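Undergrad: Mind looking over this structure? Questions follow.
The values are calculated or read from the model by the stated rules, or taken from the named source; none is laboratory data. Small disclaimer: the values here were computed from a predicted structure and weren't measured. All Cβ positions, even for glycine, are placed from backbone atoms using ideal geometry, and neighbour counts span all protein chains on display. These area figures cover heavy atoms from the full protein model, side chains too; ligands, DNA and RNA do not enter into them. Shrake-Rupley method; radii C 1.70, N 1.55, O 1.52, S 1.80 Å.
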Amino acid sequence: MTHFSVRPLVAAMSLALTGVAHAADGDASIWSFSGFGTVSAVHSNEREADFAGTIFQPYGAGRTRSTSLDPDSKLGAQLTAKFTPQLSGVVQVVSQYQYDNSYTPQVEWANLKYEFTPAFRARIGRIALPAFLLSETRYVGFANTWARPPQEVYAIAPITSNDGVDATYVAHFGDAVNSVQAFYGSNTTKLTTGEAKSKPSWGLNNSLEVGSTTLRAGFIATRLSLDVPALQGLNDGLQSFGNAASAIPSPGIQAAGAQAHELNAKYSLKDIDLKIYSLGASHDTGAWLFIGEYTRFEGNGYFSTSNSWYASVARRLGVFTPYVTVGDTRPKLESEPGITTTGLPGGLAAGAMGLNAGINAVKQSVAASQKLASVGVRWDFMKNAAVKLQYDHLEMGEGSKGRLVNPSPAYQPGGKVDLVTLGVDFLF
């Protein structure tokens, strides 16, 4: 979920819509309204850290309270307008638990779409970031089988929208439909500890549908800049150490100063180049649903490269749909040797060791390592409403807290967590 001012974007859209709206003045049929929501309680047996729905949530189930409505509960509304056969617009607003401990509604989508031909269309404005199979519906719980999309993959790209443009070309080959999408834009997102800016973000993805089977391949590249005071303090420490050591007339100490400056550049919080490669497939026969995705995240600086995946099988039995899911996310975490302390005076050696430890602690904290085994059942008790009961068993990698947030000083990394989720998804 993005958190930033959309006034310029909304104003520009309003001006664009005003002209075409006059042409359809009095015709209410061009407008359509829909909504969706989730009321869900999550119980965790972990008492020293919280399970959260996204990394943007400061608290959740576990340490803060054993059972919480915050991780998954949300309410969304969508207004769509079709002004001409070619031109349409959409605004989607979502309220869910946020970085600032509130449920303040945020604009998730706000874009205009123009269909140049039946095969080619383009959008401008705020669009869903097309990172995964379920990017367009990840907030619409009723559209998905599980209580939530598996975090092992979907937390890799937690930012869900992009301000910019995209274009899609659709081609038919017999019974097959192939869609190619390209996008470009930027995003600014509030974190619990600061702010993240991705500028630019661009990518390509291709989806092929053949009967009940969908195959997808995607690529995203982004340049990320972080405004996180805690991390900036570590980088400032590297800069200060480098300046102080470089000023001492000793080759060994000056070499350590040069190392500190190199590390400050390597772990800079500005213009971090990140890439995401993704593959996904689903096969829906009506009675059975098979779905899985694989993602490779290539990181720099504090962000380690990782491989993540999940696979899920569901069986529809009338109004009941039991399902099983397994998943895994594993970083390729490499320890940073840091500043060489051999030959340094006591004070400088202690400072260097502290900086080295700080870098590795941040790398370890960012590099989530987690396995998932999950079972659940969905009950479609009404046409537009479903109850979901889900059990998740999480195993954290060695030295990792996985996707948990708000760990206490007593939290022991590398543990196991059991979650039980009971919720209702609905449309209106």
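Undergrad: Quick check: is even one residue across segment 290-304 open to solvent by 40 Å² or more (accessible area, probe 1.4 Å), out of contact with any Asp or Glu (no Cβ under 7 Å at 6 or more places or on another chain) and closer than 20 Å to residue 211 by Cβ?
TA: Checked against the condition, which is being open to solvent by 40 Å² or more (accessible area, probe 1.4 Å), out of contact with any Asp or Glu (no Cβ under 7 Å at 6 or more places or on another chain) and closer than 20 Å to residue 211 by Cβ, segment 290-304 yields at least one hit.
Undergrad: Give the residue, chosen from 244, 265, 311, 255, that is touching a strand residue (DSSP E or B) at 6+ places or on another chain (Cβ under 8 Å) and open to solvent by 40 Å² or more (accessible area, probe 1.4 Å).
TA: Answer to the selection: 311.
Undergrad: For segment 46-61, does any single residue satisfy the condition of being in contact (Cβ under 8 Å) with a residue 24 or more places away in the chain and more than 30 Å from residue 299 (Cα to Cα)?
TA: Scanning segment 46-61 turns up no residue that is in contact (Cβ under 8 Å) with a residue 24 or more places away in the chain and more than 30 Å from residue 299 (Cα to Cα).
Undergrad: Give me the residue from segment 50-94 that is aliphatic (A, V, I, L, M) and not in a strand (DSSP E or B) and, out of that set, surrounded by the most Cβ atoms within 10 Å (Cβ to Cβ).
TA: By that ranking, first place goes to 52.
Undergrad: Under the condition of being open to solvent by 50 Å² or more (accessible area, probe 1.4 Å) and of a type in the set (S, T, N, Q), which residue from segment 328-353 is nearest to residue 279 (Cα to Cα)?
TA: Among those that are open to solvent by 50 Å² or more (accessible area, probe 1.4 Å) and of a type in the set (S, T, N, Q), it is 335.
Undergrad: Answer yes or no as to whether residue 314 is more than 23 Å from residue 153 (Cβ to Cβ), in contact (Cβ under 8 Å) with a residue 12 or more places away in the chain and out of contact with any helix residue (DSSP H, G or I) (no Cβ under 7 Å at 6 or more places or on another chain).
TA: Criteria not met by residue 314.
Undergrad: Filtering segment 155-175 down to residues that are under 25 Å from residue 192 (Cβ atoms) and touching a Gly at 6+ places or on another chain (Cβ under 7 Å), which residue is least open to solvent (accessible area, probe 1.4 Å)? Please lay out each step first, then the result.
TA: Filtering segment 155-175 down to residues under 25 Å from residue 192 (Cβ atoms) leaves 155-163.
If we keep only those that are touching a Gly at 6+ places or on another chain (Cβ under 7 Å) as well, we get 162-163.
On the way: 162: 2, 163: 39 Å².
Going through the qualifying residues, I end up with 162.
Undergrad: Take residue 320 and tell me if it is among the aromatic types (Phe, Trp, Tyr) and farther than 24 Å from residue 203 by Cα.
TA: yes
Undergrad: Going residue by residue through segment 349-371, is there one that turns out to be within 23 Å of residue 387 (Cα to Cα) and in contact (Cβ under 8 Å) with a residue 40 or more places away in the chain?
TA: Step one: filter segment 349-371 for residues within 23 Å of residue 387 (Cα to Cα), giving none.
Within segment 349-371, not a single residue is within 23 Å of residue 387 (Cα to Cα) and in contact (Cβ under 8 Å) with a residue 40 or more places away in the chain.
Undergrad: Here is a further query. Applying the selection to segment 130-154, what residues are hydrophobic (A, V, I, L, M, F, W, C), open to solvent by less than 20 Å² (accessible area, probe 1.4 Å) and within 22 Å of residue 204 (Cα to Cα)?
TA: 131, 132, 153
Undergrad: Of the conditions (1) assigned to a strand (DSSP E or B); (2) closer than 27 Å to residue 329 by Cβ, residue 163 satisfies every one except a single condition; which number is it?
TA: Unmet condition: (2).
Undergrad: Going by what's in this entry, would residue 97 be described as buried (at least 22 other Cβ atoms within 10 Å of the Cβ) and out of contact with any helix residue (DSSP H, G or I) (no Cβ under 9 Å at 6 or more places or on another chain)? Lay out the reasoning, then the answer.
TA: Values: buried (at least 22 other Cβ atoms within 10 Å of the Cβ): yes; out of contact with any helix residue (DSSP H, G or I) (no Cβ under 9 Å at 6 or more places or on another chain): yes.
Yes: the conditions hold for residue 97.
Undergrad: Restrict the check to segment 124-147 and report whether at least one residue is modelled with pLDDT of 95 or more, of a type outside the set (A, V, I, L, M) and in a strand (DSSP E or B).
TA: yes
Undergrad: I want to confirm something. Restricting to segment 281-303 and keeping residues that are within 16 Å of the chain's Cα centre (by Cα) and of a type outside the set (A, V, I, L, M, F, W, C), which single residue is nearest to residue 366 (Cα to Cα)?
TA: That would be 299.
Undergrad: A further question follows. So which pairs qualify, if the first residue must be in segment 91-112 and on the phi > 0 side of the Ramachandran plot, the second must be part of a loop (DSSP other than H, G, I, E, B) and open to solvent by less than 30 Å² (accessible area, probe 1.4 Å), the Cβ gap must be under 8 Å, and the two must be at least 6 apart or on different chains?
TA: 101/58
Undergrad: Could you check, for segment 286-301, whether at least one of its residues is within 30 Å of residue 369 (Cα to Cα) and of a type in the set (Val, Ile, Thr)?
TA: Scanning segment 286-301 turns up at least one residue that is within 30 Å of residue 369 (Cα to Cα) and of a type in the set (Val, Ile, Thr).
Undergrad: Are any residues in segment 33-49 aromatic (Phe, Trp, Tyr) and open to solvent by 30 Å² or more (accessible area, probe 1.4 Å), and if so, which ones? Before you say what the answer is, go through the steps one by one.
TA: Let us first name the residues in segment 33-49 that are aromatic (Phe, Trp, Tyr), namely 33, 36.
Hit for segment 33-49 is 33, nothing else.
Undergrad: Let me ask something additional. So which residues in segment 199-239 are closer than 30 Å to residue 286 by Cα, among the β-branched types (Val, Ile, Thr) and buried (at least 17 other Cβ atoms within 10 Å of the Cβ), if there are any at all?
TA: 214
Undergrad: Another question about this same structure. If I filter segment 314-327 down to residues being open to solvent by less than 40 Å² (accessible area, probe 1.4 Å) and β-branched (Val, Ile, Thr), which single residue comes out as farthest from the chain's Cα centre (by Cα)?
TA: 321
Undergrad: Can you name the number of the only condition in (1) under 18 Å from the mean Cα position of the chain (by Cα); (2) among the hydroxyl-bearing types (Ser, Thr, Tyr); (3) at pLDDT 95 or above that residue 214 fails?
TA: So the condition that residue 214 fails would be (1).
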